[in-house]
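Novice: Okay, here's the structure, questions in a sec.
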Amino acid sequence: MPDFKFENMYQGYIAGIDEAGRGPWVGPVMAGAVMFLNRNIHPFLFNNLNDSKKISAKKREDIYEIIKEESQKGNLCFAIGEASAKEIDELNILQATFLAMKRAADNLAIKPNIALIDGNRMPKNFICPTKCIIKGDSLSFSISAASIVAKVNRDHLMQKLALIYPGYGFEKNAGYGTKEHIEGLQKYGITPEHRKTYKPIKNLVA
């Protein structure tokens, strides 16, 4: 379970950053940034924060609502950043992920002194020093909260895209290559939100 062990290694404002949406064939990659301004963490967050992939969609929504409430109380601040499907095609998914993370950090109301980033790859040109933590979304409260922020916001965006582009099941598959998504591609072709450099989409275009 996550805790503040990594945050306690540093002084000042410490942001956790994580992404959602590297694997889907459609839509942006989204990053979340969360900074706890005090350690009096809400009991529900204390007991339920974890890697977003290990938590049900309902619980992610509940956690996100509390993160928003805690932000309004001044106990934490959070932000999101994204890189579009077009930017993913132009830059590649790794560099687009770094761009989304940088935008999330830039969007924080308070500039962090250090950013704890999930994974083992260090983004460049950040607004502050960075520290990579492998499986950070299971180890750090800040990164875990950031993973929830990124995942919930991306799911909300995919639900909106499902209304614009019905027939692909985006509201259920979040843009991953499910049977319904593949059938939608075969029936309707690609949308402007599809990542054209991803192999299944590339093959369809070809």
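Novice: D for the range 7-205, whole µm²/s, Stokes-Einstein with Kirkwood Rh over alpha-carbon pairs at 25 °C and 0.890 mPa s: what number? Kindly include the intermediate steps, with their values, before the conclusion.
Specialist: On the way: Rh = 17.1 Å.
For the chosen part, D equals 144 µm²/s.
Novice: Please sort by residue number the trypsin sites (Lys or Arg not before Pro) in the range 1-49 whose DSSP state is loop and whose Cβ has at most 11 other Cβ atoms within 10 Å.
Specialist: Taking the range 1-49 and a limit of 11 other Cβ atoms within 10 Å, the loop trypsin sites (Lys or Arg not before Pro) found are Lys5, Arg39.
Novice: In whole percent, what relative contact order does the range 7-205 give with Cα contacts below 8 Å and a gap of six or more residues?
Specialist: Relative contact order of the range 7-205: 31 percent.
Novice: How do 24-37, 166-179, 119-132, 76-89 rank on mean C-beta neighbours within 10 Å, highest first?
Specialist: Per-residue mean Cβ counts within 10 Å order the peptides as 24-37, 76-89, 166-179, 119-132.
Novice: Can you list the HN-Hα couplings for the range 72-78, worked out from phi with the Karplus curve (6.51, -1.76, 1.60; θ = phi - 60°), rounded to whole Hz and with x for Gly and Pro?
Specialist: 5, 7, x, 7, 7, 10, 9
Novice: Now for a different question. What ranking do 55-61, 149-155 get when scored by the average of other Cβ atoms within 10 Å per residue, highest first?
Specialist: Listed from highest to lowest mean packing, they are 149-155, 55-61.
Novice: How large is ³J(HN,Hα) for each residue in the range 46-57, as worked out from phi by the Karplus curve 6.51 cos²θ - 1.76 cosθ + 1.60 (θ = phi - 60°), to whole Hz, x for Gly and Pro?
Specialist: 4, 8, 10, 4, 6, 3, 4, 6, 9, 10, 5, 4
Novice: A follow-up question, please. What 222 nm value per residue comes from the helices of the chain, counting each DSSP H run with n ≥ 4 as -39,500 (n - 2.57) and dividing by all residues, nearest 500 deg cm²/dmol?
Specialist: Numbers: 9 runs with 92 residues, N = 206.
When only DSSP H runs of four or more count, the value is -13000 deg cm²/dmol.
Novice: Using only alpha carbons, build the gyration tensor for the range 1-66 and give me the equivalent ellipsoid semi-axes, biggest first, whole Å.
Specialist: 23, 16, 10
FYI, it's all coordinate maths here, none of it is from the lab. No experiment lies behind these values; they were computed from the predicted model shown. Positions of Cβ are generated from backbone atoms using ideal geometry, with glycine treated the same way; all protein chains shown enter the neighbour counts.
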